[in-house]
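**Student:** Mind looking over this structure? Questions follow.
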Amino acid sequence: MLPPELPLTDDSPGPPRRPVEPARPDNLQFAAPKTAPAMPKGPALREPAKQAIAHHVMANHELQALEVMAFVLHAFPEAPPEFRLGLIDVMRDEQKHTLMHLRRAEELGQPFGSLPVNCYIWKKSQACECVLDYLATLPLVFEGRNLDHTLEFEQYFLDAGDKKSAGIMRAIHRDEIEHVRFGLDWLRKLKPPGSDDWEVFNQHLHYPLRADKAIGDQFHDEPRRAAGMGEEFIARLSGSALPDGRG
């Protein structure tokens, strides 16, 4: 996984192309439904083997996010060059996150590719028909949800005495704030003049994705404020949670 050679330009983006699946080695091909391991949570993460599985699952999530961003560059060459070049910066972070989880999984005895991996993020992103669809889907739902998940898993790992894994989650959390900010900034730039952020966000989600999928088990206001969400947007997002507080 190598970073792009610099400097980059967007002078000749080429025609649109929509790859059906990303190019992956044999041991990381998407598995059949319900064959990839579930994400361990809470007290289960006191076991190093479960910690390793969690990092393996999250490495695949980060890799899918990177692949979706590459898909967007191929699928929407007409997007503003400033957006496309800014997305490259986000992709560098996704590479870094993938490697952080990958290396920690290996340290804990679970080499990346030694377990089946799912394709949920990739498949849901295939419904994107324009850049606004992408912004609603990946930055504002998947990365938005990670504003909560990174803090939840930081605490799980701290409770388990795994300070190294907790540090990884905190570092990714800081990056995710900027990724959500990038998505929200571009949604505001590309939406119809005078339209409402919340309404545009919801209009560009394809079922089964919906607003409540953008929150974790515990809703955190502050990182969303740090990402530039307005108070009304945060309140409506928080209000989309199910009655037991889960998204």
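**Student:** Relative contact order for the chain: what percent, with Cα pairs under 8 Å and sequence separation of 6 or more? Don't skip to the end; give the middle numbers.
**Tutor:** Numbers: 305 pairs, mean separation 50.4, N = 247.
Contact order relative to length: 20 percent.
**Student:** Provide the per residue accessible area, probe 1.4 Å, for the chain, rounded to a whole number of square angstrom.
**Tutor:** Result: 48 Å² per residue.
**Student:** Thinking of the range 1-90 as a set of Cα atoms, what percent of all their pairs are more than 22 Å apart?
**Tutor:** Working: 1791 of 4005 pairs.
Roughly 45 percent, once rounded to a whole number.
**Student:** Students often forget the sequence filter, so: which lysines lie under 27 Å Cα-Cα from K123 once same-chain residues fewer than 8 apart are removed?
**Tutor:** Straight-distance partners of K123: K34, K41, K50, K96, K189, K191, K213.
**Student:** Leaving out ligands, DNA and RNA, and with a 1.4 Å probe, what % of the accessible surface on the range 70-182 is carbon or sulfur? The partial results should precede the final answer.
**Tutor:** Details: 2260 of 4170 Å².
In the range 70-182, the share of accessible area belonging to carbon and sulfur is 54 percent.
**Student:** Let me ask something else about it. Identify all aspartates and glutamates with a Cα-Cα distance to K163 below 13 Å; exclude those on the same chain that are fewer than 8 residues away in sequence.
**Tutor:** E154
The values are calculated or read from the model by the stated rules, or taken from the named source; none is laboratory data. Everything numeric in this text was worked out from a predicted model, so none of it was measured. Heavy atoms of the whole protein, side chains included, go into the accessibility calculation; ligands, DNA and RNA do not. Shrake-Rupley method; radii C 1.70, N 1.55, O 1.52, S 1.80 Å.
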